[in-house]
Amino acid sequence: MIFDKATIKDIGVLTDLRIAYLNEDLGVISDENLELMQASLPSYYEKHLNKDLMAYVARDEMDIVSCAFLLIVEKPMSPSFITGKTGTVLNVYTKPEYRKKGYVKKLMTMMLEDARAESVSIIELKATEDGYSLYKSVGFEDVVAKYYNMKIVLR
């Protein structure tokens, strides 16, 4: 197994893995949304990959079988993120036949090492029940906050 960062050559596979992740996480995606994602994700990756989006991958020979994305955003600094750089983990996904072999733990370890080297202050993620213990094992902690986690859907 080879562990590294995805490159522009991997955009097609990253698109497929993103859609597989979303299908598994959210259920069936409408044909309209699926078409939109298949058309739009490649240009997103071209614009962001290895700039503010790092995609860590495990390759079984040339086939990418596992991935984890780190989106880095620079905000006005605060004591909570003193460098201003924050990260969000996205799209942690392993093809079903490759699960439970430690690949994601290796990818997360690489991600955390790179984030430290890039002076990222904090990294956040939303864990599923299946991933919770893995994230705890690499150092993530439960967030206890005085704020409510909220959102608004605009589209």
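Let's see how each residue does on (1) touching a His at 6+ places or on another chain (Cβ under 7 Å); (2) part of a loop (DSSP other than H, G, I, E, B); (3) closer than 21 Å to Ala58 by Cβ; (4) not charged (D, E, K, R):
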| site | (1), (2), (3), (4) |
| --- | --- |
| Glu97 | no, no, yes, no |
| Lys105 | no, no, yes, no |
| Ser133 | no, no, yes, yes |
| Gly139 | no, yes, yes, yes |
| Asp142 | no, yes, no, no |
| Met150 | no, yes, no, yes |
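Can you report the number of residues in the stretch 44-67 which are part of a strand (DSSP E or B) and among the hydroxyl-bearing types (Ser, Thr, Tyr)?
2
Just one of (1) surrounded by 17 or more Cβ atoms within 10 Å (Cβ to Cβ); (2) of a type outside the set (Asp, Glu); (3) assigned to a strand (DSSP E or B) fails for Met111. It is (3). Can you tell me which residue within the stretch 47-60, out of those that are surrounded by fewer than 22 Cβ atoms within 10 Å (Cβ to Cβ) and either closer than 21 Å to Asp130 by Cα or free of Cβ contacts under 8 Å to residues at least 24 places away in the same chain (or both), is farthest from the chain's Cα centre (by Cα)? Within the stretch 47-60, the match that is farthest from the chain's Cα centre (by Cα) is Lys47. Against the test of being surrounded by 15 or more Cβ atoms within 10 Å (Cβ to Cβ), touching a residue at least 12 places away in the same chain (Cβ under 8 Å) and part of a helix (DSSP H, G or I), the options Leu41, Leu70, Leu90 yield a single qualifying residue, Leu41.
Per-residue answers, yes or no, for (1) modelled with pLDDT of 95 or more; (2) touching a Leu at 6+ places or on another chain (Cβ under 7 Å); (3) within 21 Å of Lys5 (Cβ to Cβ):
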| site | (1), (2), (3) |
| --- | --- |
| Met62 | no, no, yes |
| Phe69 | yes, yes, yes |
| Ile82 | yes, no, no |
| Thr86 | yes, no, yes |
| Tyr93 | yes, yes, yes |
| Lys100 | no, no, no |
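Note on the stretch 1-38: residues that are within 19 Å of Tyr98 (Cα to Cα), of a type in the set (A, V, I, L, M, F, W, C) and assigned to a helix (DSSP H, G or I) total 6.
The values are calculated or read from the model by the stated rules, or taken from the named source; none is laboratory data. Everything numeric in this text was worked out from a predicted model, so none of it was measured. For neighbour counting, all protein chains shown are included, and Cβ atoms are generated from backbone atoms with ideal geometry for every residue, glycine included.
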